[in-house]
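To start, the structure under review is shown below, and the notes come after it.
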Amino acid sequence: MKMFENQAENSHLVGRTSHGAPPVEELAATPPARGNQNMDKEQGGRIDKRILWKQEEDLRVMSAWLKNSVDSIAGNNKRNEQYWGEVARTYNMTTPSHRQRNMEQVKDRWHKVNKWTDLFHCAWLKARRLNTSGWNDQMWIDQAHKFYEEDNKDLNLGHFVLMDVWYAVRIEPKWLTYNDGLKNARRRKSSDQEAEEEREEVDPFDVTGKPRPMGQKAAKRAAYKPKVQSMSSSTDDADVIILKEAQANRLKILEVQQKLSAERLESPKIVHQAAKEHKEAKLAEKEAKTLEVKAKMMETYNCLLVKDTGLMTDEEKVDHVGTLKYLKKALFPDT
């Protein structure tokens, strides 16, 4: 009985991980029966202890997912269990046997790492949109870290530390498309829930406050009155209103689709511009180092020109003249 009580007390540790602090231990899988040990070895699962997730292991989990997602030779249109089994096997191929994970552990960890990385990527895109003049890539990254913490205070994520994972997937079309699909699905689900709540607010059986229905005789008199023309006119007005509302809804949908397409086209341009600026900065840094070396050579050359050679030996004079010639050729190659 005491053993089961301890298990119940520790059950709240399952799934509680945070990348802003040292990774939390994950519960190991239940030890299988003796006859199923071969199956566990094939799945690459560990069965005896808890193991902490390292950042380089998070990177290899994401790399294993990416490899199986874009692998057109082996095929990436597998069923859920088969697909994640392949991802786990790819991960375990580069993992020591005492740190290997099973399919469920790899799958759960990937979803957590993907969520954190996508939130940081959104923060980075926000920084790029708000600050475009005179900023370099490192300044955008620093601002993205601030947005990541400010925009996700309710999630208590802390500082983003999976930069190697983000660098690996930031320009991968498969990863970008996957997370765009998740965002669109969440938007559709949210809009459907709001519409459902609005429908639930109207109770068709609530007769409180409704007017008393027309009596039988009054209804007969109204039926025989010549109101065909007025009824036709009101029907036409209702059709016009419905058409206008449908057209307005189509225009809103088209506007949203155009905005999403523009953002997808803008993302590669931003990455290309960032790479170009990084290359220009490297060239400028190299040129500055070259100028610094030349300045030191010029200083040495001027000192040697005014140095008194009267007290030098013949060998020192030869070295002195040779050094001056070398410096002159390096500083003034055209003369």
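The values are calculated or read from the model by the stated rules, or taken from the named source; none is laboratory data. Since we're looking at a predicted model, the values are computed, not measured. All Cβ positions, even for glycine, are placed from backbone atoms using ideal geometry, and neighbour counts span all protein chains on display. Heavy atoms of the whole protein, side chains included, go into the accessibility calculation; ligands, DNA and RNA do not. Shrake-Rupley method; radii C 1.70, N 1.55, O 1.52, S 1.80 Å.
Counting 0.36 nm for each residue step from Ser133 to Arg99 and taking away their Cα separation leaves a gain of 7.6 nm.
Computed FRET efficiency, Cβ-Cβ of Met297 and Ala275, R0 41 Å: what is it to the nearest 0.05?
Numbers: r = 34 Å, r/R0 = 0.82.
Using R0 = 41 Å, I get an efficiency of 0.75.
Averaged over residues, the count of other Cβ atoms within 10 Å places the peptides 117-126, 165-174 in the sequence 117-126, 165-174, highest first. With 22 Å as the limit on Cα-Cα distance, the pairs of Lys54/Lys279; Lys153/Lys269; Lys189/Lys269; Lys189/Lys252 that go past it are Lys54/Lys279; Lys153/Lys269; Lys189/Lys269. A cut-off under 13 angstrom between Cβ atoms defines the neighbours of Lys289, and their net charge, with Lys, Arg +1 and Asp, Glu -1, is +1. Extending 7 Å from the Cα toward the beta-carbon at both Glu316 and Asp108 defines two label points whose distance is 7.9 nm. Taking amide H positions as modeled 1.01 Å from N, with prolines and chain starts lacking one, the residues under 5 Å from Asn102 and 5 or more places away or on another chain are Arg46.
For the peptides 296-304, 97-105, what is the packing order when you average, over each peptide's residues, the other Cβ atoms within 10 Å and list the highest mean first? Walk me through the intermediate numbers first.
Values: 296-304: 12.7, 97-105: 17.0.
So the order, starting with the most tightly packed, is 97-105, 296-304.
The listed residues Leu291, Leu182, once ranked by accessible area (1.4 Å probe) with the largest placed first, stand as Leu291, Leu182.
Model label sites at Arg264 and Arg187, defined 7 Å from Cα along the beta-carbon direction, differ in position by 1.2 nm. The distance separating the Cα centre of the range 90-152 from that of the range 279-329 comes to 49 Å.
With Cβ to Cβ distances under 12 Å as the rule, what net charge do the other residues near Trp140 carry (K, R +1; D, E -1)?
Numbers: positive: Lys126, Arg128, Arg129, Lys146, Arg170; negative: Asp137, Asp142, Glu277.
Residues close to Trp140 contribute a combined charge of +2.
Label positions at Glu150 and Ala288, each projected 7 Å from the Cα along the C-beta direction, are separated by 2.9 nm.
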